[in-house]
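K.L.:
Would you mind keeping the following structure in view while I ask a few things?
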Amino acid sequence: MKNLFKLIYRYHVFFVFILLETFSLSVAITNNNYQRATFFDSGNFLSGTLFEKFSSVTQIFEFKQVNLKMAEENIVLRSALHEMLLKSNRGNYRTSDSIYLPQIAKDSSQKAVYKFTTARVINNSINQQHNFITLNKGRRDGIKPDMGVIANGQVVGLVTNVSENFSTVISLLNSKWKISAKVKRNDYFGSLSWDGKDYRRVQLNEMPYHVPIQNGDTVVTTGYSSSFPEGLMIGTISEFTIGSGSNFYKIEVLLGADFKNLVIVGLVENKQLNEIKQLESLNKYGN
């Protein structure tokens, strides 16, 4: 201990310098939008590179599984594409070799609202209160904030930050994120979130107790969030009770996606998202 104090005393000027530099950098990042954006963009790149290198080493023996997962995801996306176009009732359509939604023939210039692409998971957490996922694609691959993320056609999360080559996703297993969800059988909707306990289950809130529900009912997206099409599966009701002194159910939903085994994910882009945001921004009081 005595030697430690001697070391600190001997180099106290250097330690004070480091402390002041750290404080100055923190103030600059916190109070300047440009520096903050640059810092997080660089951080995204560095952490993404490290995660990708580590992931490449650990997954070198899993290429067969990755290929199978990718093939399965493509099949799911193509199936979702086919079903969405059949339900559109907008005439014939043509398919393409890409996994993007093709043009709809009612107007040759008219394109489907959503398009899909895929990415590989290079980092994933499930044991925190605020879990995130890192993907191996970024801006140069067309990835943008607010793109929905799915696995095998089931909701996983939402893209939040994007760098040139990587992106981070706020996971459904994040207690700060909520999504609008409904019971598929009767279309009654509520707010779905995670209580931070079991990575296999989330909670469907604000569902009135007079609504007829049962264990096994499928819970899907409502389409109220512009990031996800209506009807994407989230999970199934595993148990429910009526809250004491409340007019709402307490509903547990068993997730459809296996968050411990995410390898290839699909990303959903709503090509009308910016237009929707601009229009909704006009609805604020005072405008």
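The values are calculated or read from the model by the stated rules, or taken from the named source; none is laboratory data. The shown structure was predicted, so the numbers you read here are calculated from the model rather than taken from an experiment. Neighbour counts run over all protein chains shown; Cβ positions are idealised from the backbone, glycine included.
K.L.:
Report, by residue number, each residue of the range 249-268 that is touching a helix residue (DSSP H, G or I) at 6+ places or on another chain (Cβ under 8 Å) and not in a loop (DSSP other than H, G, I, E, B).
P.N.:
The answer is ILE264, VAL265, GLY266.
K.L.:
Take PHE240 and decide whether it is in contact (Cβ under 8 Å) with a residue 60 or more places away in the chain and of a type in the set (Phe, Trp, Tyr). Please lay out each step first, then the result.
P.N.:
Values: in contact (Cβ under 8 Å) with a residue 60 or more places away in the chain: no; of a type in the set (Phe, Trp, Tyr): yes.
Considered against the rule, which asks whether it is in contact (Cβ under 8 Å) with a residue 60 or more places away in the chain and of a type in the set (Phe, Trp, Tyr), PHE240 comes out as no.
Per-residue answers, yes or no, for (1) of a type in the set (Gly, Ala, Ser); (2) surrounded by 24 or more Cβ atoms within 10 Å (Cβ to Cβ); (3) modelled with pLDDT of 95 or more:
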| position | (1), (2), (3) |
| --- | --- |
| VAL159 | no, yes, yes |
| ILE170 | no, no, yes |
| LEU173 | no, yes, yes |
| LYS176 | no, no, no |
| LEU192 | no, yes, yes |
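K.L.:
Considering only residues that are assigned to a strand (DSSP E or B) and either of a type in the set (Lys, Arg) or closer than 16 Å to LYS184 by Cβ (or both), which ones fall in the range 231-248? Spell out how you get there, then give the answer.
P.N.:
Taking the range 231-248 and keeping what is assigned to a strand (DSSP E or B), we get 233-242, 248.
Answer for the range 231-248, where residues must be assigned to a strand (DSSP E or B) and either of a type in the set (Lys, Arg) or closer than 16 Å to LYS184 by Cβ (or both): MET233, ILE234, GLY235, THR236, ILE237, SER238, PHE240.
K.L.:
Could you tell me whether any residue of the range 194-202 is in a strand (DSSP E or B), within 25 Å of ASN274 (Cα to Cα) and touching a residue at least 40 places away in the same chain (Cβ under 8 Å)?
P.N.:
no
K.L.:
Continuing with this model, one more query. Test each condition in (1) surrounded by fewer than 14 Cβ atoms within 10 Å (Cβ to Cβ); (2) within 16 Å of VAL253 (Cβ to Cβ) for ARG201 and report the one that comes out false.
P.N.:
(1)
K.L.:
Report whether or not GLY231 is at pLDDT below 90, closer than 19 Å to GLY157 by Cβ and either small (Gly, Ala, Ser) or assigned by TED's automatic domain parsing to the domain that holds ALA119 (or both).
P.N.:
no
K.L.:
In the list SER125, SER79, SER109, SER88, which residue meets the criterion of being small (Gly, Ala, Ser), at pLDDT 90 or above and at negative phi? Before the answer, list the steps.
P.N.:
On the way: SER79 fails: at pLDDT 90 or above; SER109 fails: at pLDDT 90 or above; SER88 fails: at pLDDT 90 or above.
Answer to the check: SER125.
K.L.:
Right, here's the next one. What is the one condition in (1) surrounded by 12 or more Cβ atoms within 10 Å (Cβ to Cβ); (2) without any contact (Cβ under 8 Å) to a residue 60 or more places away in the chain that ILE234 does not satisfy?
P.N.:
(2)
K.L.:
May I pose another question? Might you let me know whether the range 277-286 holds any residue that is surrounded by 14 or more Cβ atoms within 10 Å (Cβ to Cβ) and aliphatic (A, V, I, L, M)?
P.N.:
No, because not a single residue in the range 277-286 is surrounded by 14 or more Cβ atoms within 10 Å (Cβ to Cβ) and aliphatic (A, V, I, L, M).
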